Every structure is written in C-alpha cells, then in structure tokens.
1. When you look at Glu158, is it free of Cβ contacts under 8 Å to residues at least 40 places away in the same chain, assigned by TED's automatic domain parsing to the domain that holds Asn206 and outside any loop (DSSP other than H, G, I, E, B), yes or no?
2. Which condition from (1) of a type in the set (A, V, I, L, M, F, W, C); (2) in contact (Cβ under 8 Å) with a residue 12 or more places away in the chain; (3) closer than 26 Å to Thr150 by Cα is the one that Phe222 breaks?
3. For Ala109, work out the one condition from (1) at pLDDT below 90; (2) touching a strand residue (DSSP E or B) at 6+ places or on another chain (Cβ under 9 Å); (3) part of a loop (DSSP other than H, G, I, E, B); (4) not basic (Lys, Arg) it doesn't fulfil.
4. Quick one: in the range 121-155, which of the residues that are among the β-branched types (Val, Ile, Thr) and in contact (Cβ under 8 Å) with a residue 60 or more places away in the chain is farthest from Ile83 (Cα to Cα)?
5. Which condition does Ala134 not pass, out of (1) assigned to a helix (DSSP H, G or I); (2) small (Gly, Ala, Ser); (3) over 20 Å from the mean Cα position of the chain (by Cα), if it passes all the others?
6. Regarding Ala80, is this residue without any contact (Cβ under 8 Å) to a residue 24 or more places away in the chain, small (Gly, Ala, Ser) and touching an Asp or Glu at 6+ places or on another chain (Cβ under 9 Å)?
7. Does Lys320 satisfy the criteria of being of a type in the set (Lys, Arg), more than 27 Å from Asp183 (Cα to Cα) and surrounded by fewer than 22 Cβ atoms within 10 Å (Cβ to Cβ)?
8. Got a number for residues in the range 137-155 being in contact with a strand residue (DSSP E or B) (Cβ under 9 Å, 6 or more places away or on another chain) and either assigned to a strand (DSSP E or B) or on the phi > 0 side of the Ramachandran plot (or both)?
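The values are calculated or read from the model by the stated rules, or taken from the named source; none is laboratory data. All values reported here derive from a predicted model rather than from experimental measurement. So basically every Cβ, Gly included, is an ideal-geometry build from the backbone, and we count neighbours across all protein chains shown.
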Amino acid sequence: MNSYFPKMSFVHKVFAWLLKEFEVSLFFYNTFYRLKNKKKFWSAIKGREALSIFDYEALSEDIPFYPLEKIKDTNYYGHAYVIKEYSGSKKFIFSLEHGLYYDGYVSFAEKRKTTKRIMTISDVRKSALEKVVAKPIVSIGPYIHYATPTLDEKSIAELKQQLGKVLLFFPSHSCTENNSRFDVDSLIARIQEFANQYRFDTIIVNMYFLDIQETDYAEKYFKAGFRITTAGHQNDINFIRRLKTIINLADYTIANSVGTHLGYCIYMGKPHCIIDSKQTEMMNSVQIKEIGRTFYNYHETITEEQYNIVSQYWGFNCIKTSEEMYWLLKDGK
C-alpha cells in the first residue's frame, strides 16, 4: 500500500514546505480544515460504514480532508485512528510512516521541523532513518495488528461460505508518482491461469482508490469475472480495518509487486506469491528485490524463509501491547 504522492507544482511545494516547517502555519491549516470539513467528513465516514466491501465505486469516492492528527500525512489510511483506539489514548504525537519504506528513503514530512517524532514499522527501517534523521524514532510492527476488522468473525464466515476458496489479488498502484500503468489484460490472463491451476472458486481484486477513480481497470477485472473490493479512500479512518476484513476472506494472496500488503498477508497467516517479477526486478532497491525473490514461486503454505524475511522488514518483534502503546503515545518514548 504505497502512499498517494501526487505531482506538485512549485507553488504547492512552497506551501507544503511552509506547512511542515512552521508550527503556526500548520495550526492555521488544521484549524481551517477542521472547521470547513468536519460535518462532511463524519457524514462520509458513517455512510461508508454501512457499505459492503464490494461497493468499490462508492468506497473509493473522495472524502474531504479532516485533520484528526496534527501532522497531515499521519491522517491517512486510518493507522493513527486504530492505534489510538487500541491503546485508549487520545493523543498521537508522531509522524507515522504509511507502510513499507525501503533503503534510505526519507519522506518530505520527516525532515521538517513540525515533525518531532517518527513512528515506523520495523527496527530495520528505524536503523535506516536514524542515519539521516536526528529525531526520536520508534518501531511498532505491522499496523494491521492494531486494527479491528469491519466485519465480525460470524459475518466473515458467512461470506466465506458464499465465496468458497478465495484467491485475493493486490495490483500495484498505477496512479501514483512513482508507478506506471501496467498491461492489465495480460495480468488478468495470468491470474486466471493461476486460479485454474490451483482451483480457486472466487478471485477478489483489492484495488487502490485512485485506480478505481482514474483507470478502466475495474471494468476489465469485472468483465473477467473477478469480484472487486477496496479498502477505501486514503482519508477513510476505516481503511486499515476494511483491509483486515478483506485479507481475512482470502485463502491465498497474490500480487504483481512487493508492497505493504505482502507483510500484512504473511502476518495474518495468508500464503503469498508474486506472479509477475518485472516490477520488482526493475526497482533499484536491494531490499525490495531480496523480499520479492522469496515470493516468486508458489508455495501452498508460508515457508520459514518467507516468514523470517517478512518478520524482519515488517517488525513482527516490535508489536506493542495496549499498555505499552498508551505510554508510548503519551510520552513519546
């Protein structure tokens, strides 16, 4: 689940710098959007809570930005929301990385003065950040651990009974600055071949909200007989909760690239396979290639090698208890 990074004009870059460099700019920015969008935001959230996970068009519609947290980027994907819910804390004083960041990449927000502390997934990532950022950094493991699914166990079991043996596909995001469109027709053929070979009853495609909005991929998947779902818009506080529900439905998961979803699937006990190595092998990242090459071949169950490498990069040993998280959010250390 890579973050949505639209290309910015020079003016937008200057504005972003002011926003993240000066507390007063951030205060007025947040105050403006809290006053402007509060009613629309909560109306959208409540309305989508009643939707099926297969209502992908409605779930992917825009939600007005409403800053529950001070640092803008920390509001995305519902991560901070579920972590606070898990811990019982009303405070969140960290800049929260969105998912699997690799090598020495440092986001724009992490360098700015308004970011005092950083929260990330693993100790591997923490060590990489500490080499370039002189701020307190904590690792908490896979964020999905802290989320409660949007459907309870009974509802998931009933839906599973309808769907049968489920193959869940995670396509890479094509509508982001660092990604490009892929040949969806050949990918569909590969998915169908995989599903037939291993006898799956239902194929579910979990799409990124921007790809639903801006491409015809959903139409192509639908015509191929796939079920389509989405975790929702990036401003949806139930995004990570919905994603956990979707992964719970799967018997097996596949993708065409390495992403945060891979670690979440392994953590939740769902075997995973990357069915197209092209995107991974084109990456400059040694870490991404190391992870990807462990998943190029089909394995009926999660191998020890796969588990160990994912545990390392997704920080399975960094998970906090609710009490530990409460004090972490309260004191920042």
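1. Working: free of Cβ contacts under 8 Å to residues at least 40 places away in the same chain: yes; assigned by TED's automatic domain parsing to the domain that holds Asn206: yes; outside any loop (DSSP other than H, G, I, E, B): yes.
Yes: the conditions hold for Glu158.
2. Against the list (1) of a type in the set (A, V, I, L, M, F, W, C); (2) in contact (Cβ under 8 Å) with a residue 12 or more places away in the chain; (3) closer than 26 Å to Thr150 by Cα, Phe222 comes up short only on (2).
3. Unmet for Ala109, out of (1) at pLDDT below 90; (2) touching a strand residue (DSSP E or B) at 6+ places or on another chain (Cβ under 9 Å); (3) part of a loop (DSSP other than H, G, I, E, B); (4) not basic (Lys, Arg): (3).
4. Looking only at the range 121-155, we keep the residues that are among the β-branched types (Val, Ile, Thr), and these are 121, 124, 132-133, 137-138, 140, 144, 148, 150.
Filter once more, so that each one left must be in contact (Cβ under 8 Å) with a residue 60 or more places away in the chain: 121, 124, 138, 140, 144, 148, 150.
Working: Ile121: 13, Val124: 21, Val138: 14, Ile140: 10, Ile144: 9, Thr148: 10, Thr150: 15 Å.
Out of the qualifying residues, it is Val124.
5. For Ala134, the failing item is (1).
6. Values: without any contact (Cβ under 8 Å) to a residue 24 or more places away in the chain: yes; small (Gly, Ala, Ser): yes; touching an Asp or Glu at 6+ places or on another chain (Cβ under 9 Å): yes.
Taking the combined requirement at face value, the residue satisfies it.
7. Numbers: of a type in the set (Lys, Arg): yes; more than 27 Å from Asp183 (Cα to Cα): yes; surrounded by fewer than 22 Cβ atoms within 10 Å (Cβ to Cβ): yes.
In short, yes.
8. The first filter runs over the range 137-155 and keeps only residues in contact with a strand residue (DSSP E or B) (Cβ under 9 Å, 6 or more places away or on another chain), leaving 137-140, 143.
From what is left, the residues that are either assigned to a strand (DSSP E or B) or on the phi > 0 side of the Ramachandran plot (or both) are 137-139.
Total satisfying the criteria: 3.
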